[in-house]
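Student: Please read through the structure below; I'll follow up with questions.
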Amino acid sequence: MTKRKTPVSFKEMMQLTLRGFRIWWKENPELILSVLICGVVSALTPYADIWLLARLIDEIAGERDPQVLTTFILALMSLGAVLSLLCAGLSRWKNVHLACLWHTQNKVFIKKLLSMDFADIDDGHVQELRSRIWQNTDSGGWGLYKLIYSFDAIVRSIMSIISAILLTASLFILPVKASSKGLTILNHPIFILLIIGVMFGVTLAAPLLSVKAGSYWVKYADENKLGNRLFGFWLGNLGNDRSKALDVRIYRQDILSRNYLKKYNPFIPSSKLAKAARGPMGGYHALSGAVSQIFVGVAYIFVTLKALGGAFGVGSIVQYVGAIIALSGSLSMLIETLGELRNNTPFLRTVFAFLDMPNKMEQGDMAVGQNSDKEYEIEFRNVSFKYPGQKNYALRNVSMTFHTGQRLAVVGMNGSGKTTFIKLLCRLYDPTEGEILLNGIDIRKYAYHEYMHLFSVVFQDFKLFSFELGQNVAGSRNVDLDKADQCLRDAGFEIRFDKLPHGLFTAIYKDFDEKGVTISGGEAQKIALARALYKDAPFIILDEPTAALDPIAEFEVYSRMNQMIEQKSAVFISHRLSSCRFCDDIAVFHQGRLIQRGSHDVLVSDKSGMYYRLWSAQAQYYEK
């Protein structure tokens, strides 16, 4: 069943629209000022030309004084030149800021993402909101994007309406001469009100019909969003994403299936939006254009009859016709823009549903270093956890303690809770039940970012960035070159490092530098290890740290691990149990529970335990 959309009230439209403008003003006030000033000047420019041209024609049709004619001609030319230059400069100023519109909007959402709880970033609902926001922007410029162009249209239409009213007011005041038989009815107040009513009604009808046509974008927004997402994934993501390149080529026929595109693509003739465009949507647009032409006809007839009645001269005909048609167009633009803002309100709801998501994790204020001098003990006390929206626990009743200088290996089958344990340790999530203590104090009491600085982590799905090697190691634009050099060598990257053309200044990948280097998975993992060492945190956590390394490279990394880590605490997650020989403590997880703990020799001697089963399953491939 299709979810029924909440009607949009004028109050809601104004509240969300003004809130959106405040965001733009905060992020880039110069953008708003450039649109405002450029809109005012560009709207006034045509009316100055209309007024001067009308006076020139009146003089040509009347006295034809050469001095007066010369004055008007020079005024028309000079004013036109000055205003054209001014408009060009202001337009350039505005367009420079409009060119940054997408990036400015992206900055708003990125700032929100960086400030959100990781639990929310990892939540499917949040990802759906983000996707909807970008699909709405890409498909029709809806959301925050729409507000800037609507603001531009509102400024120009309001200034144009004011100017047009000033130039057309005398049209309804100047009387037809009494000698003009049959035309004196044009002087009657009721007739004037009737003409104004007809003109206003026609002016109102045209944009309302256009707004009605635009409402079909809202009606089919969900389908368009899905189709646009699939279309973008098919043409953009699959083709551009380096990590998917091999699979796309091997499984091309299945991955590039067009079935979904045929069903949901909004750009094909059989889509609902396309059918609406050929039907009611197109019909409303056509009626809007037809009604606009009715207004033009009424305006021409009224102005012509008053001129025949001697109310004004031929120059004023030019003034009134130009101004009254411009007035109609400006009124239509204003009403249509307000209608678009109304249609835009449901898309703004999505934007603010995302921006208004509160952080639920407790943000303490206790300094991490005030309790001890680099001596840390972490305790899991009866910790249980289940992911948002899940019924089953990922961890259940886990209790354990480890401290500075300890080497802890965390092992278990897939889905046993190993990575969840690390996410809780790093406070990417808070426990559902129980508590985690640092030096005897609940970690929720500590300042969040101070606590995070305790950990250097190499996650299984770590990412390198298309920047310089040194920046990747430092995680910053500012790099301690000697420290980064040493960390890369400690991580086993020295052979490739010494061959790089620009050392630490060598670009990784070719996204931003055609001379960038492509690195293997194993080399990338070594760089990630170097990044963890560079942070110099008390706890180093490695989730499958040698998964992409060959056995020899893996042995070298672990052999040097004690030297690299020194007095720090280290937590290893690995499916290769040979790494456990380098650890003095091993925690075995199974189905979300901590079921065994001890040294390798102790655990492998228990032939009924899970660790022995895991060890034997791997060892058999290395034994005769």
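The values are calculated or read from the model by the stated rules, or taken from the named source; none is laboratory data. Since we're looking at a predicted model, the values are computed, not measured. We place every Cβ from the backbone using ideal geometry, glycine too, and count neighbours over all the protein chains shown. SASA here: full protein model, heavy atoms, side chains in, ligands and nucleic acids out. Shrake-Rupley method; radii C 1.70, N 1.55, O 1.52, S 1.80 Å.
Student: Out of the residues in segment 466-485 that are under 28 Å from the mean Cα position of the chain (by Cα) and of a type in the set (A, V, I, L, M), which is nearest to K515 (Cα to Cα)? Spell out the reasoning first.
Tutor: Of segment 466-485, the ones under 28 Å from the mean Cα position of the chain (by Cα) are 466-469, 471-478.
Filter once more, keeping what is of a type in the set (A, V, I, L, M): 469, 473-474.
On the way: L469: 13, V473: 19, A474: 21 Å.
Result: L469.
Student: Sticking with this one: Yes or no: segment 364-378 includes at least one residue that is of a type in the set (A, V, I, L, M), over 19 Å from G592 (Cβ atoms) and in contact with a Gly (Cβ under 9 Å, 6 or more places away or on another chain).
Tutor: Within segment 364-378, not a single residue is of a type in the set (A, V, I, L, M), over 19 Å from G592 (Cβ atoms) and in contact with a Gly (Cβ under 9 Å, 6 or more places away or on another chain).
Student: Can you tell me which residues in segment 130-146 are basic (K, R) and either in contact with an Asp or Glu (Cβ under 9 Å, 6 or more places away or on another chain) or buried (at least 17 other Cβ atoms within 10 Å of the Cβ) (or both)? Spell out the reasoning first.
Tutor: Narrowing segment 130-146 to residues basic (K, R): 130, 132, 146.
Matches in segment 130-146: R132, K146.
Student: Given the residues V68, V82, which is the only one that is surrounded by fewer than 17 Cβ atoms within 10 Å (Cβ to Cβ) and more than 28 Å from I158 (Cβ to Cβ)? If you could, list the steps in order and put the result at the bottom.
Tutor: Values: V82 fails: more than 28 Å from I158 (Cβ to Cβ).
Sole residue among the options that is surrounded by fewer than 17 Cβ atoms within 10 Å (Cβ to Cβ) and more than 28 Å from I158 (Cβ to Cβ): V68.
Student: Here's another thing I want to ask about it. Tell me, yes or no, whether segment 473-496 has at least one residue that is part of a helix (DSSP H, G or I), more than 20 Å from K535 (Cα to Cα) and in contact with a strand residue (DSSP E or B) (Cβ under 8 Å, 6 or more places away or on another chain).
Tutor: If we filter segment 473-496 for residues that are part of a helix (DSSP H, G or I), which is where we start, we get 473-474, 481-490, 494-496.
Still in the running and more than 20 Å from K535 (Cα to Cα): 495-496.
Subset that is in contact with a strand residue (DSSP E or B) (Cβ under 8 Å, 6 or more places away or on another chain): none.
There is no residue in segment 473-496 that is part of a helix (DSSP H, G or I), more than 20 Å from K535 (Cα to Cα) and in contact with a strand residue (DSSP E or B) (Cβ under 8 Å, 6 or more places away or on another chain).
Student: Quick check: anything in segment 372-386 open to solvent by less than 60 Å² (accessible area, probe 1.4 Å), farther than 30 Å from S416 by Cβ and touching a residue at least 24 places away in the same chain (Cβ under 8 Å)?
Tutor: Step one: list which residues in segment 372-386 are open to solvent by less than 60 Å² (accessible area, probe 1.4 Å), which gives 372, 376, 378-380, 383-385.
In the following step, the residues that additionally are farther than 30 Å from S416 by Cβ were identified as 372.
Applying the additional criterion that residues be touching a residue at least 24 places away in the same chain (Cβ under 8 Å) yields 372.
Checked against the condition, which is being open to solvent by less than 60 Å² (accessible area, probe 1.4 Å), farther than 30 Å from S416 by Cβ and touching a residue at least 24 places away in the same chain (Cβ under 8 Å), segment 372-386 yields at least one hit.
Student: Also, quick follow-up: Looking at Q127 and the list (1) farther than 19 Å from I32 by Cβ; (2) of a type in the set (S, T, N, Q); (3) surrounded by 14 or more Cβ atoms within 10 Å (Cβ to Cβ), which single condition is not satisfied?
Tutor: For Q127, the failing item is (3).
Student: Cβ-Cβ under 9 Å, sequence separation 6+ or interchain: first residue in segment 71-85 and closer than 20 Å to A43 by Cβ, partner open to solvent by 60 Å² or more (accessible area, probe 1.4 Å) and part of a helix (DSSP H, G or I). Which pairs?
Tutor: Final answer for the pair search is L76/L53; L83/L44.
Student: Checking the conditions here, which among S332, S270, S292 is more than 30 Å from F109 (Cα to Cα), at pLDDT 70 or above and out of contact with any Cys (no Cβ under 9 Å at 6 or more places or on another chain)?
Tutor: Details: S270 fails: at pLDDT 70 or above; S292 fails: at pLDDT 70 or above.
The conditions single out S332.
Student: Can you give me the number of residues within segment 481-512 that are free of Cβ contacts under 8 Å to residues at least 12 places away in the same chain, charged (D, E, K, R) and open to solvent by 60 Å² or more (accessible area, probe 1.4 Å)?
Tutor: 4
Student: Oh, and also: Please find, within segment 440-454, the residue that is modelled with the lowest pLDDT out of those that are among the charged types (D, E, K, R) and open to solvent by 30 Å² or more (accessible area, probe 1.4 Å).
Tutor: Going through segment 440-454, the residues among the charged types (D, E, K, R) turn out to be 442, 444-445, 450.
Pick out the ones that are also open to solvent by 30 Å² or more (accessible area, probe 1.4 Å) and you get 444-445, 450.
Working: R444: 92, K445: 92, E450: 88.
My answer is E450.
Student: A further question follows. If only one of L355, L327 is closer than 30 Å to E12 by Cα and modelled with pLDDT under 85, which one is it?
Tutor: Values: L355 fails: modelled with pLDDT under 85.
When all the criteria are applied, what remains is L327.
Student: I would also like to ask the following. Collect the residues in segment 307-356 that are touching a Gly at 6+ places or on another chain (Cβ under 8 Å), under 30 Å from K177 (Cβ atoms) and assigned to a helix (DSSP H, G or I), keeping them in residue-number order.
Tutor: The answer is A307, and nothing else.
Student: Next question. Return the only residue of V457, V473 being in contact (Cβ under 8 Å) with a residue 24 or more places away in the chain and open to solvent by 40 Å² or more (accessible area, probe 1.4 Å).
Tutor: Working: V473 fails: open to solvent by 40 Å² or more (accessible area, probe 1.4 Å).
Result of the check over V457, V473: V457.
Student: For segment 19-40, which positions are under 14 Å from D152 (Cβ atoms) and open to solvent by 30 Å² or more (accessible area, probe 1.4 Å)?
Tutor: F21, L33, L36, I37, V40
Student: Would you check which residues across segment 497-508 are in a helix (DSSP H, G or I) and either of a type outside the set (A, V, I, L, M) or closer than 15 Å to Q525 by Cβ (or both) and list them?
Tutor: Just the residues of segment 497-508 that are in a helix (DSSP H, G or I), to begin with: 497, 503-505.
Scanning segment 497-508 gives F497, G503, F505.
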